[in-house]
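The structure appears right after this line, and notes come after that.
The values are calculated or read from the model by the stated rules, or taken from the named source; none is laboratory data. Every value quoted in this text rests on a predicted model; they were computed, and no experiment measured them. Every residue, glycine among them, receives a Cβ derived from its backbone with ideal geometry; neighbour counts consider all protein chains shown. When the accessible area is computed, the model is the full protein with side chains, heavy atoms only, and any ligands, DNA or RNA have been set aside. Shrake-Rupley method; radii C 1.70, N 1.55, O 1.52, S 1.80 Å.
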Amino acid sequence: MMSLTFDTVLTNARIFDHDDADCIVIDKGRIVHVGRDHGISASKTLDLSGGYVLPGFIDSHAHLLSTGLEGTRLNLFGSVGKKEAVMAIEKYAQNHEKVIAYRWDESKWDDDRTYITSSDLSRIEKPVVAFRRDGHMAVANEAAMRIIGDHRPDGIFREKDMEKLDPIVEPDENEAVEALQIAVRAAASLGITGVRDMVDRVAYDAYGKLRTGVRIFKAIYSDDLFHGFGSHPYDWGVKTFLDGSLGSRTAAHEGWDMKNLKMDRQEFESFCNGVWSKNLPVAVHAIGEIAVRVAADTMHGHAGRHRNSIEHFELVEDGVIDLIDENTIISAQPNFLEWAGHGGMYEDRLGKSWLYRNNPYRDILDRGLKLAFGSDSMPLGPMYGIYYAVNSEFDQQRVSFEEAVRSYSESGSYLLGTENWIGRIETGYSADFAIFRDQDIINGERMKNAKPVITMVAGNTIHEGS
């Protein structure tokens with residue numbers, strides 16, 4: 001290596017995928033050397049004291065606006081019971097004009113595993129809207145339903161019907177900007193350096209009013225697609241839905257309501273052709289096996305048309321993986337395995353026959369296919385999801401730590417079309433890192449909640465923890 005003074009050198013490091021290296025040299029935001037430290041001269045030296053350097057995580061499927069709103073509104077994630085969740089709503093209502101809550105999950109409760117309904121919220125006179133953890137269902141109380149003029153005995157709204165709640169829940173411009181700032185800071189604190197965010201027009205416009213250290217690539221909902229989208233280099237493509245969720249019972253699953261399938265094969269193909277004609281890729285939400293089959297069939301029939309993605313890809317019938325080509329990327333959420341073990345929500349909703357067949361990450365990787373990991377903001381956090389992928393009780397799902405990290409970095413970069421620029425710790429790549437205190441995070445429960453001490457993007461520190 002030439003005798004020059006570079007911008008930054010990271011020394012005394014343990015580096016992912018580089019067992020023989022202990023040093024990374026950065027210049028002008030790029031990695032110029034990964035190897036042994038031979039006293040390289042740099043303007044700034046960071047001694048990592050044995051810290052573990054991973055490539056910066058790329059969350060391939062997030063909802064940062066809702067993540068941020070959870071910070072400014074009410075977050076019910078972690079409530080251990082229905083009674084506790086309802087009490088939290090009642091307490092919040094005492095000091096606010098309305099209650100908008102997120103992330104309740106009846107499948108995790110220890111007292112009553114039934115949905116929250118309007119009757120549970122009958123003591124609250126102020127309007128309440130509380131979204132289930134998957135975002136495919138919400139409950140409104142009587143006061144909220146009076147505002148929108150739509151009364152339902154149980155107060156339950158699902159899928160498209162949730163748009164009726166927009167007059168109550170839609171943030172204004174200032175709240176959206178504040179929420180995104182909160183979410184981006186949270187992402188940086190988790191080692192995330194790139195996000196493919198699923199955005200509506202409110203979120204898209206709010207991003208135009210702030211600068212972020214994290215790279216935000218935008219997939220816009222089809223209903224919000226506007227003339228001119230795609231002109232910005234970080235405009236990725238268009239997001240649509242073929243079905244809903246398992247938790248809300250709106251997935252296109254055999255034996256469930258066939259109306260759960262939002263488009264048949266012909267309708268979906270027509271939709272895709274319309275998007276592809278604008279030179280944009282498609283991200284399609286498909287969870288139930290019927291929806292997954294429609295998505296895979298359509299993408300297979302148009303192989304080579306952009307780098308499209310099938311989002312979630314949870315219930316996969318025999319033969320469907322054979323339809324996946326190199327330009328169809330499976331964008332999956334390993335944190336969903338939280339519900340996939342014995343006695344979990346999947347077994348409750350689907351029966352034992354799907355226990356060994358959902359989220360087949362091992363089978364996908366063994367076929368040499370691209371598997372990009374994301375969080376779906378349920379919750380935001382790569383290490384949370386990696387923990388479940390590495391520790392799944394089923395062979396068909398379980399992957400190694402190294403494979404999980406690549407799915408949360410290198411494969412995400414491939415999905416974005418940036419594989420020659422970000423996603424790896426290699427010479428010539430952007431200096432994007434998640435640096436952890438020690439390598440012990442790869443073992444045991446610590447992995448689940450591990451956070452980096454430093455997050456870097458292009459050689460700049462965008463987060464520094466304790």
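Per the 1.4 Å probe, what fraction of the accessible area of segment 248-311, in percent, lies on carbon and sulfur atoms?
Details: 1200 of 2660 Å².
The C+S portion of the solvent-accessible surface of segment 248-311 is 45 percent.
If eta is 1.567 mPa s and T is 4 °C, what Stokes-Einstein diffusion coefficient results for segment 320-453, Kirkwood Rh from Cα pairs, in µm²/s?
Values: Rh = 15.6 Å.
Answer from the Stokes-Einstein relation: 83 µm²/s.
Couplings for segment 372-380, taken from phi via the Karplus curve 6.51 cos²θ - 1.76 cosθ + 1.60 with θ = phi - 60°, read 9, 8, x, 10, 6, 6, 10, x, 4 Hz in order; Gly and Pro are left as x. Backbone phi angles across segment 194-211, fed through the Karplus curve with coefficients 6.51, -1.76 and 1.60 (θ = phi - 60°), yield HN-Hα couplings of x, 9, 9, 9, 8, 10, 9, 5, 4, 5, 4, 5, 5, 4, x, 10, 9, 10 Hz in residue order; Gly and Pro are listed as x. Evaluating kT/(6 pi eta Rh) at 25 °C and 0.890 mPa s, with the Kirkwood radius of segment 244-397 over Cα pairs in the Stokes-Einstein relation, gives 156 µm² s⁻¹.
Rounded to a whole number, what % of the accessible area of segment 314-459 do carbon and sulfur atoms account for, probe 1.4 Å?
Numbers: 2110 of 5050 Å².
Carbon-and-sulfur percentage of accessible area, whole number: 42.
In the chain, helical runs assigned H by DSSP with n ≥ 4 each contribute -39500 (n - 2.57); averaged across all residues and rounded to the nearest 500, the mean residue ellipticity at 222 nm is -7000 deg cm²/dmol.
Over the C-alpha trace of segment 404-463, radius of gyration and Dmax come out as 12.5, 35 angstrom. Sorted into 10 angstrom bins from 0, the C-alpha pair distances of segment 1-122 split as 11, 27, 14, 13, 17, 14, 3, 0 percent.
Annotation: Cα Rg of segment 109-164 relative to the compact-globule expectation 2.2 N^0.38 Å equals 1.08. Taking a ≥ b ≥ c as the square roots of the eigenvalues of the Cα gyration tensor, segment 167-227 is oblate, since a/c reaches 1.5 or more and a/b is not larger than b/c. Take the Cα radius of gyration of segment 127-240 and divide it by 2.2 N^0.38 Å, N being the number of residues; the result is 1.21. Residue-wise HN-Hα couplings along segment 134-141, as the Karplus relation 6.51 cos²θ - 1.76 cosθ + 1.60 with θ = phi - 60° gives them from phi, are 7, x, 9, 7, 9, 10, 10, 8 Hz; Gly and Pro carry x.
Expressed as a whole percentage, what fraction of the accessible surface of segment 40-179 belongs to carbon and sulfur atoms when a 1.4 Å probe is rolled over the protein heavy atoms?
Values: 2940 of 6140 Å².
Result for segment 40-179: 48 percent of the exposed heavy-atom area is carbon or sulfur.
Over the C-alpha atoms of segment 199-311, the Rg to Rh ratio, Rh being the Kirkwood estimate, stands at 1.01. Segment 1-53 and segment 402-466 have their alpha-carbon centroids 16 Å apart.
Which one, His253, Phe336, Val214, is farthest towards the positive end of the dipole of segment 205-363 when Lys and Arg carry +1 and Asp and Glu -1 on their Cβ? Farthest towards the positive end: Val214.
Could you please report the charge total around Ala183, scoring K, R as +1 and D, E as -1 over all other residues with beta-carbon less than 13 angstrom from its beta-carbon?
-3
To the nearest 20 debye, what is the magnitude of the charge dipole of the chain about its Cα centre, counting +1 on the Cβ of each Lys and Arg and -1 on the Cβ of each Asp and Glu? Before the final figure, lay out each step's value.
Working: 51 positive and 72 negative charges, 137 e Å.
It works out to roughly 660 debye.
Take the Cα of Arg249, step 7 Å along the line toward its Cβ, and report every residue of segment 99-136 whose backbone nitrogen sits under 14 Å from that point. Under 14 Å, as judged by backbone N against the label point of Arg249, lie 106-107, 113-117 of segment 99-136.
With the convex hull built on the Cα atoms of the chain, state its orientation-averaged projected area in nm². The partial results should precede the final answer.
Values: hull surface 89.6 nm².
Result: a mean projected hull area of 22.4 nm².
By its C-alpha gyration tensor, with a ≥ b ≥ c as the square roots of the eigenvalues, how is segment 33-85 shaped: rounded for a/c under 1.5, else prolate for a/b larger than b/c, else oblate? Please list the in-between numbers first.
Details: a/c = 3.65, a/b = 2.96, b/c = 1.23.
Since a/c reaches 1.5 and a/b is larger than b/c, the shape of segment 33-85 is classed as prolate.
Equivalent-ellipsoid semi-axes for segment 57-107 (Cα gyration tensor, √(5λ), whole Å, largest first): 23, 15, 6. Heavy-atom accessible surface of the chain, averaged per residue, reaches 41 Å², computed with a 1.4 Å probe.
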